[in-house]
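Shown next, in structure tokens, is the structure this report addresses.
The values are calculated or read from the model by the stated rules, or taken from the named source; none is laboratory data. Since the structure is predicted, the reported quantities are computational estimates derived from the model, not experimental observations. So basically every Cβ, Gly included, is an ideal-geometry build from the backbone, and we count neighbours across all protein chains shown.
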Amino acid sequence: MKLSLSAGCTCPNRDGTIAAGGCSFCSEGGSGDFAAPFAPVKEQIRKAKKLVDPKFPKTMPAEERKYIAYFQSFTNTYGDTGRLEKLYCETAEQPEIVILSIGTRPDCLGEEVMEMLAGLNRIKPVWVELGLQTIHQRTADSFGRGYTLPVFEEAVRKLKAAGITVIVHVILGLPGESREDMLETVKYIAAFEPRIDGIKLQLLHVLKGTRLGAQYRQDLFPVMTMEEYTDLVVDCLKLLPEDMIVHRMTGDAPKKLLIAPAWSADKKRVLNMLRAKITAARRESRPETSVLDNL
């Protein structure tokens with residue numbers, strides 16, 4: 001099970017180093033609204049385990065339960081590297097933690113950070129999750145990403161050279177992007193060398209307290225229907241190589257913050273529709289293999 005934890009970081013796109021206020025879609029929680037509040041990491045782990053342990057089989061002994069420590073909110077390689085290294089080492093030393101998953105920006109992977117990540121990777125496997133969202137610069141500029149595609153490419157090469165697992169986040173439904181634009185982003189990730197290990201496909205959530213939320217209330221830009229989104233996800237899966245891990249096909253937003261699309265709050269219904277469409281697509285799959293064949 002995955003434990004959503006906080007490293008107590010901020011983001012260069014929030015504190016004025018690059019920009020202020022973050023990306024237009026990013027909530028006040030730094031896209032980690034379900035993460036535990038920042039506290040000593042053992043306390044965070046204890047509280048997070050209470051939330052996820054009911055999902056384990058009731059007959060499974062506590063000592064057999066294993067966890068991924070997911071540092072999700074804000075930019076988790078930004079700040080004092082010594083402090084972060086101590087925090088992550090303490091996390092990795094917990095016997096029930098089997099993987100460290102660290103969300104960050106590609107432009108926050110300097111030499112000291114890379115040395116830290118390589119050292120951690122010798123203790124426990126490290127996943128680094130990069131928020132690319134789109135390959136299209138016009139879209140990135142519109143939501144204020146703050147770095148260009150070559151920065152992302154260099155980050156992936158450095159991480160892979162260090163033997164670190166790389167997972168890339170993509171947002172489907174960003175304003176101004178066509179269906180083909182989104183598929184082009186997925187094709188790019190599928191074909192990237194060195195091979196990217198995993199992908200997260202995330203529905204765009206329009207949230208209260210964000211610039212995107214204010215924009216939506218002003219001009220009501222179109223958002224995808226559930227039918228459109230699930231069709232698109234299946235077409236994205238068809239593009240991915242069979243050895244790429246799909247870590248997410250949809251996502252949650254706090255209901256108290258969600259403006260649109262309203263249908264995304266019914267996650268069980270979304271997942272059921274995805275399962276049905278994936279099953280149908282497998283029956284009609286092309287001779288060449290894709291990640292779809294493993295779902």
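For segment 164-183, enumerate the residues that are among the polar types (S, T, N, Q) and surrounded by 15 or more Cβ atoms within 10 Å (Cβ to Cβ).
Our first condition is that a residue be among the polar types (S, T, N, Q); within segment 164-183, this holds for 165, 178.
Correct list: Thr165 only.
Where the second residue is in a loop (DSSP other than H, G, I, E, B) and not polar (S, T, N, Q) and the first is over 14 Å from Glu129 (Cα atoms) and without any contact (Cβ under 8 Å) to a residue 12 or more places away in the chain and lies in segment 101-117, which pairs have Cβ atoms under 8 Å and are six or more apart or on separate chains?
Taking only residues 6 or more apart or on different chains, not a single pair turns up.
Please go through (1) modelled with pLDDT of 95 or more; (2) assigned to a loop (DSSP other than H, G, I, E, B) for Asp235 and return the number of the only condition it doesn't satisfy.
(2)
Of all the residues that make up segment 162-213, how many are of a type in the set (Val, Ile, Thr) and assigned to a loop (DSSP other than H, G, I, E, B)? Before the answer, list the steps.
Step one: list which residues in segment 162-213 are of a type in the set (Val, Ile, Thr), which gives 164-168, 170-171, 185-186, 189, 196, 199, 206, 210.
Restricting the remaining residues to those that are assigned to a loop (DSSP other than H, G, I, E, B) gives 164, 196, 210.
So the count comes out to 3.
Out of Arg217, Arg211, which single residue is more than 13 Å from Leu274 (Cα to Cα), in contact with a Cys (Cβ under 9 Å, 6 or more places away or on another chain) and surrounded by fewer than 18 Cβ atoms within 10 Å (Cβ to Cβ)? First the steps, then the outcome.
On the way: Arg217 fails: in contact with a Cys (Cβ under 9 Å, 6 or more places away or on another chain).
Among Arg217, Arg211, only Arg211 is more than 13 Å from Leu274 (Cα to Cα), in contact with a Cys (Cβ under 9 Å, 6 or more places away or on another chain) and surrounded by fewer than 18 Cβ atoms within 10 Å (Cβ to Cβ).
Okay, residues lined up against (1) without any contact (Cβ under 8 Å) to a residue 12 or more places away in the chain; (2) touching a His at 6+ places or on another chain (Cβ under 6 Å); (3) more than 26 Å from Trp263 (Cβ to Cβ); (4) surrounded by fewer than 20 Cβ atoms within 10 Å (Cβ to Cβ):
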residue: Gln133; (1), (2), (3), (4): no, no, no, no
residue: Val151; (1), (2), (3), (4): no, no, yes, yes
residue: Ala162; (1), (2), (3), (4): no, no, yes, yes
residue: Thr185; (1), (2), (3), (4): no, no, no, no
residue: Met226; (1), (2), (3), (4): no, no, no, yes
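Taking Ala253 as the residue in question, decide whether it is more than 30 Å from Glu193 (Cα to Cα), touching a strand residue (DSSP E or B) at 6+ places or on another chain (Cβ under 8 Å) and either modelled with pLDDT under 95 or among the aromatic types (Phe, Trp, Tyr) (or both). Let's see the steps before the verdict.
On the way: more than 30 Å from Glu193 (Cα to Cα): yes; touching a strand residue (DSSP E or B) at 6+ places or on another chain (Cβ under 8 Å): yes; either modelled with pLDDT under 95 or among the aromatic types (Phe, Trp, Tyr) (or both): yes.
Against the criterion (more than 30 Å from Glu193 (Cα to Cα), touching a strand residue (DSSP E or B) at 6+ places or on another chain (Cβ under 8 Å) and either modelled with pLDDT under 95 or among the aromatic types (Phe, Trp, Tyr) (or both)), Ala253 qualifies.
It is to be established whether one or more residues within segment 69-85 are crowded, with 20+ Cβ neighbours inside 10 Å, assigned to a loop (DSSP other than H, G, I, E, B), in contact with a helix residue (DSSP H, G or I) (Cβ under 9 Å, 6 or more places away or on another chain) and of a type in the set (Phe, Trp, Tyr).
Yes: one or more hits.
Tell me yes or no: at least one residue of segment 70-81 is small (Gly, Ala, Ser), more than 15 Å from Ala162 (Cα to Cα) and either without any contact (Cβ under 8 Å) to a residue 12 or more places away in the chain or in contact with a Lys or Arg (Cβ under 9 Å, 6 or more places away or on another chain) (or both). Spell out how you get there, then give the answer.
Applying the first criterion (small (Gly, Ala, Ser)) to segment 70-81 yields 73, 79.
Adding the requirement that they be more than 15 Å from Ala162 (Cα to Cα) leaves 73, 79.
Filter again for either without any contact (Cβ under 8 Å) to a residue 12 or more places away in the chain or in contact with a Lys or Arg (Cβ under 9 Å, 6 or more places away or on another chain) (or both), leaving none.
No, segment 70-81 contains no residue that is small (Gly, Ala, Ser), more than 15 Å from Ala162 (Cα to Cα) and either without any contact (Cβ under 8 Å) to a residue 12 or more places away in the chain or in contact with a Lys or Arg (Cβ under 9 Å, 6 or more places away or on another chain) (or both).
Filtering segment 259-286 down to residues that are under 20 Å from the mean Cα position of the chain (by Cα), of a type in the set (A, V, I, L, M, F, W, C) and assigned to a helix (DSSP H, G or I), which residue is farthest from Gly209 (Cα to Cα)?
Applying the filter and picking the extreme gives Leu274.
From (1) more than 21 Å from Val128 (Cα to Cα); (2) surrounded by fewer than 17 Cβ atoms within 10 Å (Cβ to Cβ); (3) modelled with pLDDT of 95 or more; (4) touching a helix residue (DSSP H, G or I) at 6+ places or on another chain (Cβ under 9 Å), pick out the condition that doesn't hold for Pro194.
Failed condition: (1).
Being touching a Lys or Arg at 6+ places or on another chain (Cβ under 9 Å), farther than 20 Å from Asp15 by Cα and hydrophobic (A, V, I, L, M, F, W, C) is the requirement here; does Ala155 meet it? Full working, then the answer.
Details: touching a Lys or Arg at 6+ places or on another chain (Cβ under 9 Å): yes; farther than 20 Å from Asp15 by Cα: yes; hydrophobic (A, V, I, L, M, F, W, C): yes.
The answer is yes for Ala155.
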